[in-house]
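We did not get these values from a lab; they are worked out from the coordinates using the rules stated. Please read all numbers here as calculations on a predicted model, not as lab measurements. Cβ: placed from backbone, ideal geometry, glycine included. Neighbour counts: every protein chain shown.
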Amino acid sequence: MNAPFEGIGASVRRKEDLRFISGRGNYTDDINRPNQTYAVFRRSDRPHAKIISIDTSAAKAAPGVVAVYTAEDLAAIGGLPCGWQIHSKDGSPMAEPKHPVLAEGKVRHVGDPIAVVIAETKQQARDAAELINIDLQDLPSTATVTDALKPGAAQIHDNAPGNVCYDWHIGDKDAVDAAFAKAAKVVKLDLENNRLVPNAMEPRVALGDYDRHTGDYTLFTTSQNPHVIRLLMGAFVLQLPEHKLRVVAPDVGGGFGSKIYHYAEEATVTWAAGRLGRPVKWTADRTESFMSDAHGRDHVSTAEMALDAQGNFLALRVNTLANMGAYLSTFAPAVPTYLYATLLAGTYKTPVIYAEVKAVFTNTVPVDAYRGAGRPEATFLLERLVDTICHDTGADPIAIRLQNFIPKDAFPYQTPVALQYDSGDYFTTMEVALKNADYAGFPARKAAAAAKGKLRGIGISTYLEACGIAPSAVVGSLGARAGLYEVANIRVHPTGSVSVFTGTHSHGQGHETTLAQLVTSQLGVPFSQVEIVHGDTNRIPFGMGTYGSRSLAVGGTAMVKAMDKIIAKGKKIAAHLLEASVDDIEFADGTFKVAGTDRAKTLGEIALTAYVPHNYPITEIEPGLDETAFYDPANFTFPGGCHVCEVEIDPETGVTSIVNFTAVDDVGRVVNPMIVEGQVQGGVAQGIGQALLEHAVYDSNGQLLSGSFMDYTMPRADNLSNISVATENTMCTHNPLGVKGCGEVGAIGSPPAVINAVVNALKQYGVRHMNMPASPEKIWGIINAGRKAAE
Amino acid sequence: MPQVTLTVNGKAATVEVEGRTLLVELLREKLGLTGTHVGCDTSQCGACVVHVDGNSVKACTMLAVQADGSSITTIEGLAKADGTLHPMQEMFREHHALQCGFCTPGMVMAAVDLVAKNPQGLTEEQIRHGLEGNLCRCTGYHNIVKAISAAQPLMHAKAAE
């Protein structure tokens, strides 16, 4: 037994890497079908306009053009559905305007698709798209939530008066008002959470195919959840039953949420493939990605904390305006409600909380879940508010957090905003983070930086997030129109190798490795003998996909349940072969053994017997060793932790450099430490991007100003430095693996740590708060104004 | 249509292209070398980096006709014919320098050129600076920088053989 340990806890190198480093990945744009055509969309260049006329005659006559379609041609198909329904305070359902596949009568944001050209080559389709003559009559438009709510603002949808989608609330308003009335101190902060573009490196692609002999449709698409796309597109848009529609999401080059949703291009190419009897492929340009992939964040909030004279948090009041964009994307209504306001307790024992959230339509790209989804917004608000309390009252940022943390022995802990945390220890993650960051040594480093003319600052944030999404009954009661369980099929082959068919999807997370490690640990099958299959509705029974850090907590647990069934059946076969009672059979390290004896059969022997059942308990059990489990989680999982950021600002340029970043997270049991570390580093990089660099900027009319990598600042290697990652874990109590999830923690914990550090560095200039991104322009302006004032 | 003759990964190829065809389109669509990716339309992301006559080039920024007569190496041609990986590929895997894999071919090709052109060795800061033309959204670059650092001695030792 000298084989290297490759089960749970080992930093096994990734199975998927060999194809990726050799250029043998199979991404959607790498797939081509015989007789394929190419689709190019003609999109709106106006934020809001009435469509007077569309003349496609010149485009239709252009070389190579096979077809040109507009909304008129798609009259028989449905609009893009929304997966959540939120109810307003008064009990009324949210405004849910139709999201047509191609614009009907009006365009509502720059990038709204109006027509599609399908041609023999992509170049011909592109050329012909230019020839479509569209007469648009501009309408007044609005890009921000505050403008959209003003009296007389442009009305974007007829059935959403005042541009309000819903006006929702959570918590005990009367109790919060009462606590504020007797507070010794109230600290109030207005803040914004900047709008982001997810920008997975692989642009979206959709390739529709149709078999005219069988009537079967296939969609190859860049999706995080192919079964969900099959359900949404099949049932709601194209009216195709599941057995006639296959959705394949092969290698997918990053998602971060933006590839969860069902998009217009997927429905268009699938429908057109059937209409034309030829494959139709669409590949987004990056410019199209900027104006058609769902954006993230975009909140405007006011937060108020009531405190007693000792600095105890008495009550929290939050008011948030959330930008939905021009239409409701698949998960959009859930993000600023059940993924945001329910997180406002954070790591603190604040006894009462009340939050109001108004979701607002604007003439911008739809906004939906982006890495963290709601939880980064909640964490930024809370952790900025806590540091602002320190600013206003002189409290110490460490002491006030320690004083208000949920005690270690208070779990399970019921928050005042619906969630019940099962486990956590915020004291330890903070203690270790401060040690790893050498927090105590900061004053000396600050002095050294000052001697070089630099401004140094340090900031901390603590966070709590809910992931492992989600218990179906709970989300159903909150407005979800789907269940959020997961599915695994475990197939032990006759010679003992194993194929796992999982409903989760890997687009960078490394499931082919991590999930195989679960099989190695539980069934004792060598890592090299395990295959993970994902991303094809024809091969996998069902599944809800990957987002919300759910793959291991929900999908991994479904695997554990299916493997439990394999072991239970294997015990019956072993009992028969070993002439023992089933109750006496033990299973460990891939071997079934009669307890207390050396009589044993390996899993491989049992598998062979199951498929060659000559000597077999055939009247009791079926042949074969192939089991499926559906697992619906009992609760969300609750990762938490502490991030410490140290920055240095050059006062001459206003440029902020990250000099140290330390993350200590509680992600539950770690299956592959190398992959967890990589996930956290990547999440932190996106959080630093949000805090210092990234911003999707619209002008006041709704023109997207940051619509390319030339204008939208993506984090590059020289914007970042080393990111120190460690974990201090408490186990999840309600799944057998004890796992919580690690995909989003980096992007949730880091933005307030960075801004707290920047504000700390600028203390001498009287800065109380800064919205993201903390750009050199903003910082230099503050420093320069301070200098002038001093002169 | 113009004809382009070039050597790709050691094999000669002659292809007819439109004048506006980009080198990356020739590689992906005419030669089926889909390892080279397209991540943007403004020459910013570097997913399409290949070597043209030994220099790293963004293949989305060069017309196919400009590559006439050139010798091109793509990610598919980096490993030896027997499948032995290039040290940079090895180190990317060893140090978990990739997640979704989409930026990886361009990142690896850019890194190989960066290290090869700097036999004196590069500091972490110089590596970060050298990667300015390549975007990765998954890793935060931390492990990419580690992989390139680790590949340096291996590549230089090999070059000295």
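How would segment A:170-219 be classified by its alpha-carbon gyration tensor: rounded, prolate or oblate, with rounded meaning a/c under 1.5 and the a/b versus b/c comparison settling the rest? Oblate shape, in that a/c is at least 1.5 and b/c is the bigger or equal ratio.
For peptide B:31-41, the mean count of partner chain Cβ atoms within 10 Å of a residue's Cβ comes to 6. Charge tally around residue A:34: other residues with Cβ under 11 Å, Lys/Arg +1 each, Asp/Glu -1 each, net +1.
Going through segment A:640-709, which GluC sites (Glu not before Pro) have at most 13 other Cβ atoms within 10 Å and a DSSP loop state?
Numbers: sites: A:646, A:648, A:652, A:677, A:694; in loops: A:652, A:694.
Taking segment A:640-709 and a limit of 13 other Cβ atoms within 10 Å, the loop GluC sites (Glu not before Pro) found are A:652.
What does the C-alpha gyration tensor say about the overall shape of the protein assembly as shown? Classify as rounded when a/c is under 1.5, otherwise prolate if a/b is larger than b/c, or oblate. Don't jump to the answer; show the numbers that get you there.
Numbers: a/c = 1.24, a/b = 1.06, b/c = 1.17.
Because its axes are fairly even, with a/c under 1.5, the protein assembly as shown counts as rounded.
Per residue of A:197-204, other chain Cβ atoms within 10 Å of the residue Cβ number 6 on average.
Please get the size of the charge dipole for segment A:549-621, origin at its Cα centre, with Cβ charges of +1 on Lys and Arg and -1 on Asp and Glu, quoted in debye to the nearest 20. Spell out each step's value before the answer.
Numbers: 9 positive and 9 negative charges, 73 e Å.
The calculated dipole for segment A:549-621 is roughly 340 debye.
To the nearest 0.05, how large is the calculated FRET efficiency for residue A:493 and residue B:84 if R₀ is 30 Å and r is the Cβ-Cβ distance? Show your work: numbers first, answer last.
Details: r = 31 Å, r/R0 = 1.03.
Result of the calculation: an efficiency of 0.45.
To the nearest 10 degrees, how steep is helix B:104-116 against the longest Cα principal axis of chain B, on a 0 to 90 scale? Roughly 70 degrees, rounded to the nearest 10.
Would you mind estimating how fast segment B:87-160 diffuses translationally, via Stokes-Einstein at 4 °C and 1.567 mPa s with the Kirkwood radius over Cα pairs, in µm²/s? Please report the intermediate quantities before stating the final value.
On the way: Rh = 12.0 Å.
D = 108 µm²/s.
The long axis of helix B:142-160 is offset from the longest Cα principal axis of chain B by roughly 80 degrees.
Below 11 angstrom from the Cβ of residue A:344, what's the summed charge of the other residues (Lys, Arg +1; Asp, Glu -1)?
Working: positive: A:317, A:375; negative: A:377.
Net local charge, residue A:344 excluded: +1.
For segment A:211-266, the set of trypsin sites (Lys or Arg not before Pro) satisfying both a DSSP loop assignment and a count of at most 12 other C-beta atoms within 10 Å is given as A:212.
Residues A:301, A:750, A:721, A:708, arranged from fewest to most other Cβ atoms within 10 angstrom of their Cβ, appear as A:708, A:721, A:301, A:750.
In percent, rounded to a whole number, the relative contact order of chain A is 15, using alpha-carbon pairs under 8 Å and six or more apart. Output the pairs from A:173/A:446; A:281/B:58; A:565/B:146; A:106/A:358; A:408/A:572; A:89/A:763 with a Cα-Cα distance over 32 Å in this structure; if there are none, say none. Over 32 Å apart, Cα to Cα: A:173/A:446; A:565/B:146; A:408/A:572; A:89/A:763.
DSSP loop trypsin sites (Lys or Arg not before Pro) in segment A:134-204 with at most 13 other Cβ atoms within 10 Å of their Cβ, which ones? Write out the running numbers ahead of the final one.
Numbers: sites: A:173, A:182, A:185, A:188, A:195, A:204; in loops: A:182, A:195, A:204.
Here the trypsin sites (Lys or Arg not before Pro) that fit, given the DSSP loop and packing criteria, are A:182.
Of all segments of chain B bounded by trypsin sites (Lys or Arg not before Pro) found in a DSSP loop with no more than 10 other C-beta atoms within 10 Å, the longest spans B:81-161.
Hey, what number do you get for chain A at 222 nm if only DSSP H runs of n ≥ 4 count, each worth -39500 (n - 2.57), divided across all residues, to the nearest 500?
On the way: 19 runs with 202 residues, N = 791.
Computed mean residue ellipticity for chain A: -7500 deg cm²/dmol.
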